[in-house]
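All remarks here apply to the structure that follows.
The values are calculated or read from the model by the stated rules, or taken from the named source; none is laboratory data. These numbers come from a predicted model, not from an experiment. A quick note on method: Cβ atoms are made from the backbone with ideal geometry, for glycine too, and the neighbour counts reach across all protein chains shown. Quick note on the areas: whole protein, heavy atoms, side chains included, nothing else; ligands and nucleic acids left out. Shrake-Rupley method; radii C 1.70, N 1.55, O 1.52, S 1.80 Å.
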Amino acid sequence: MVIFKNVKDIQEYISGKKVAGVRPGFIPTMGALHAGHLSLIAKAREDGMLIICSIFVNPTQFNDKKDFEQYPISVEEDIELLVKAGCDVLFLPSQEEVYPGGQQKAATYDFGYLDTILEGAKRPGHFKGVGQVVARLLEIVQPERLYLGQKDYQQCMVINKLISKMGTDITSVVICPTMREPDGLALSSRNRRLTESQRAVAVTIYQCLVSIESKQKMGSFALVKKECEELLAAKGFDVEYVALANARDLTLLNTYEPGYPMVTLIAARIGEIRLIDNMVLG
Ligand code: AMP
């Protein structure tokens with residue numbers, strides 16, 4: 001695996017590879033890698049791409065300064081995992097490389113409705129930051145395919161919108177399924193910060209998603225939502241949202257709409273740790 005820290009160097013390398021007919025597949029991450037990240041690499045490898053990963057903990061997408069300061073960092077271990085997973089290129093830029101001249105100079109995009117609900121509403125400025133960093137990384141790497149995890153469902157929609165706004169028709173998005181622990185908890189870098197007792201109850205989020213999916217015959221979502229909120233609160237969570245939405249455009253729903261693609265999404269805090277998860281209803 002080749003590691004680049006400078007924009008100029010990685011661009012030269014990728015251009016050379018493109019001339020040789022190689023197709024770049026890009027997996028942006030914030031590090032503290034786990035099997036979820038590695039599943040994106042496995043998919044890119046299956047697709048025969050030149051696998052380019054980035055590790056950059058982007059300050060502009062953290063609306064909570066403490067969350068940024070406490071975000072787990074484990075670059076040495078990450079490098080080992082990437083080598084084992086068959087990653088070809090790692091981009092490990094400094095803030096100055098990503099935001100030359102300062103963060104305030106980065107281009108911003110308006111995501112409209114998507115930025116007013118769920119993660120957008122609960123984390124003001126978060127998607128603006130995601131848009132800034134992804135736009136910049138796409139500009140640098142110019143991948144043919146961008147691999148994202150369904151774990152961040154709303155983020156996938158925001159990035160799709162970003163790509164259409166940027167007008168870069170070179171990049172297509174591949175969304176990969178959420179990798180989970182055997183009990184169902186979605187893998188997340190933030191899980192590392194859970195205490196043993198928090199870890200034990202963290203699975204309740206997944207159990208709520210399963211329960212929401214299984215109760216579609218109830219018609220109304222209100223009661224199911226209340227049950228989940230109460231269960232999560234009883235387990236010690238501070239619930240941010242338990243939602244049901246149209247899976248295509250994230251219009252929020254109060255009733256199950258049989259025949260429409262639907263997704264259920266939950267965000268809740270246990271202690272200081274904020275967890276999110278979602279499930280597309282079958
Ligand atoms: P992050 O490092 O959290 O910014 O995540 C980098 C990429 O990995 C994003 O596209 C995430 O959606 C994806 N990802 C994170 N957790 C998982 C998971 N449990 N399963 C699949 N993909 C994931």
| query | Rounded, prolate or oblate: which fits the range 126-165, taking a ≥ b ≥ c as square roots of the Cα gyration tensor eigenvalues, rounded meaning a/c under 1.5, else prolate when a/b beats b/c? | reply | oblate
| said: Return the unpartnered cysteines for the chain, using a Cβ-Cβ cut-off of under 4.7 Å. | reply: Cys53, Cys87, Cys156, Cys176
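List the relative contact order of the chain as a percent without decimals, with contacts defined as Cα pairs under 8 Å and 6+ residues apart.
On the way: 456 pairs, mean separation 47.2, N = 282.
Value for the chain: 17 percent.
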| note | Of all DSSP beta bridges with both partners in the chain, the antiparallel percent, nearest 5, is 50
| note | Checked against a 20 Å limit on the C-alpha separation, the offending pairs among Lys17/Lys105; Lys5/Lys66; Lys65/Lys128; Lys8/Lys128; Lys18/Lys84 are Lys17/Lys105; Lys5/Lys66; Lys8/Lys128; Lys18/Lys84
| field | Phi to ³J(HN,Hα) by Karplus 6.51 cos²θ - 1.76 cosθ + 1.60 over the range 154-168, Hz, x for Gly, Pro | value | 5, 4, 4, 5, 4, 5, 4, 5, 4, 4, 5, 5, 5, x, 8
| task | Please give the per residue accessible area of the chain, computed with a probe of 1.4 Å over protein heavy atoms only, in Å². | result | 46
| said: Using a 1.4 Å probe on the protein heavy atoms only, what accessible surface does Lys65 show? Give it in Å² to the nearest 10. | reply: 150
| task | Report, to the nearest whole %, how much of the accessible area of the range 70-184 belongs to carbon and sulfur atoms, 1.4 Å probe, protein only. | result | 50
| Point-charge dipole on Cβ atoms (K/R +1, D/E -1) for the chain, about Cα centre, debye to 20 | 260
